[in-house]
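The structure appears below as C-alpha cells.
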Amino acid sequence: MIHGSIDKNRKKPKVLVENKITFSGPDTELSIFDTFEQANRVALKSDQLLFCGMVSGKKVMHSPNDKFETAFYPHESFVMAPDNMVEIDFPEAKLNQPTTCLAIEISTDRISQVAQRLNAQSPIEQVYGEWQYKPHLVHTHHNGQTQALLHRIVQIYSENHQDRNCMIDLAISELTIRLLRHQTRDFLLHHSAQEPDNNGLNTALHYINHHLPETLDIDHLCRIACMSRSKFFQQFKAHLGCTPIAYQQQIRLKHAATLIEHGKQITHVCFALGYSNSSHFSRSFKQFYGMSPSAFKNRHLDG
C-alpha cells in the first residue's frame, strides 16, 4: 500500500484543496496532493508529462471544453500530455478522509531516451510503427506491478538514501516503459480489430478477443498465426509483454469490470466469461483490481 509511505511525510495542511508536498529528482519531480474538502473545477497543468496515481478517495476529471468527464479511483492511472490541462472535482473529500493523489513529472527528453532504447533493444513489427509516446490523455486501470512500483517510487523519493538519484532514475525509466508499452498495446489491439488479417499476430489477437470464455488452444493459435510455437510465443510476448493465456485473463477481467460497472450480476459475469467457479473469479478480480467484484460494483453504484 502507498498510504504508509505518504502518511509519514504528511504535515499539517497549509491549504485544504490540493495541499502539495514535493520531492525533486533527476529530470523528475514527485508531488503528493491532499484535498480535505469538497471542491469543483480545480485546474491542473504541467509543461512536462504528468503521471498521476490515485491513493485514496475519488476525483472527477474534466477537460476544460468538457469533451470528456471521467471518475478517477485508486489503482488507476491518469497520464497528461505536456501543456495539457484538466479540471478536477473532489466530491468525497473530508478533513478526516482526504482525497490523495500522487503526480510524477517526467521530462520529454527522458521519455525520448527510453523510447530509443526500446526501439534498439526490443523493436516491434514495422506495421505497428515504433516505440514512442503519443501525446494524449490516458486513463486506465493499472496492475499490481505498477501499483507496487508507485509505492517504491514514493519510498525512494522520500528517503535520504545514498543512492537515491540512481534509484529514482531506474524507477522512472521502468514507469516510462510501462506507459510506452500500455500505449503501444492499445494501438496494437485497435489495429488487430480493424485489420485482423494483416498479419499472424493480429489474427491471433482477434481470435482471443472474440473467444474470451473458451480455453485457449495454443496449437490452434499458432496455426492461424502461421508461426511455429516458439516463434508465436516470442512475438506475442515481445509485443504484448505477457503470454497468450495471461493476456486472455487480463482481457477477461477488464471485460468483467465493464459489465459489472454497467449493472450486470457478478455471478452471471463470472460464468459468461468462462470461469468455472465464483471463488476463482473473485480471487483473480481482487488480485487485478485491488478489490472484490462486489466492492467494485458498490463503488460504481455509489458514484
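Quick note: the coordinates plus some simple rules give every number you see, no bench work behind them. All of these numbers come straight from a predicted model, not from anything done at the bench. We place every Cβ from the backbone using ideal geometry, glycine too, and count neighbours over all the protein chains shown.
When a/c is below 1.5 the answer is rounded, else prolate if a/b is larger than b/c, else oblate, so apply that to the stretch 3-188 with a ≥ b ≥ c taken from the square roots of the Cα gyration tensor eigenvalues.
Oblate, because a/c is 1.5 or more while a/b does not exceed b/c.
Obtain the nm distance between the two label points defined at ALA246 and LEU259 by a simple spin-label model: each point lies 7 Å from its Cα along the Cα-to-C-beta direction.
Those two pseudo-labels are separated by 2.4 nm.
Could you count how many Lys pairs in the stretch 196-302 have their Cα atoms under 25 Å apart, skipping same-chain pairs fewer than 8 positions apart?
On the way: LYS237/LYS254; LYS237/LYS286; LYS254/LYS264; LYS254/LYS286; LYS254/LYS297; LYS264/LYS286; LYS264/LYS297; LYS286/LYS297.
The result is 8.
What is the order of ASP34, ASP169, fewest Cβ neighbours within 10 Å to most? Write out the running numbers ahead of the final one.
Values: ASP34 23, ASP169 17.
Fewest-to-most Cβ neighbours within 10 Å comes out as ASP169, ASP34.
Which length gain, in nm to one decimal place, applies between GLN132 and ARG229 when the Cα-Cα distance is subtracted from 0.36 nm times their residue separation?
32.0 nm
Can you compute the FRET efficiency between PHE68 and ASN298 using 1/(1 + (r/R0)^6), with r the Cβ-Cβ distance and R0 = 25 Å? Round to the nearest 0.05. Numbers along the way, then the final one.
Values: r = 25 Å, r/R0 = 0.98.
For PHE68 and ASN298, the calculated efficiency is 0.55.
Within the stretch 183-227, which residues have the backbone N less than 13 Å from the label spot 7 Å out from HIS280 along Cα→beta-carbon, could you tell me?
213-216
If R₀ is 35 angstrom, what is the calculated FRET efficiency for the pair HIS190 and VAL42, using the beta carbon separation as r and rounding to 0.05?
On the way: r = 32 Å, r/R0 = 0.93.
In this case the efficiency is close to 0.60.
Cα axis of helix 200-209 to longest principal axis of the chain: angle in degrees, 0 to 90, nearest 10?
70
Give me the lysines in straight-line cross-link reach of LYS94: C-alpha distance below 22 Å, same-chain residues under 8 apart excluded.
Answer for LYS94, where 22 Å is the Cα cut-off: LYS8, LYS11, LYS12, LYS14, LYS20, LYS58, LYS59, listed by chain and number.
Between MET291 and HIS210, what length in nm is gained on full extension when 0.36 nm per residue of separation is reduced by their alpha carbon distance?
Computed gain between MET291 and HIS210 is 26.5 nm.
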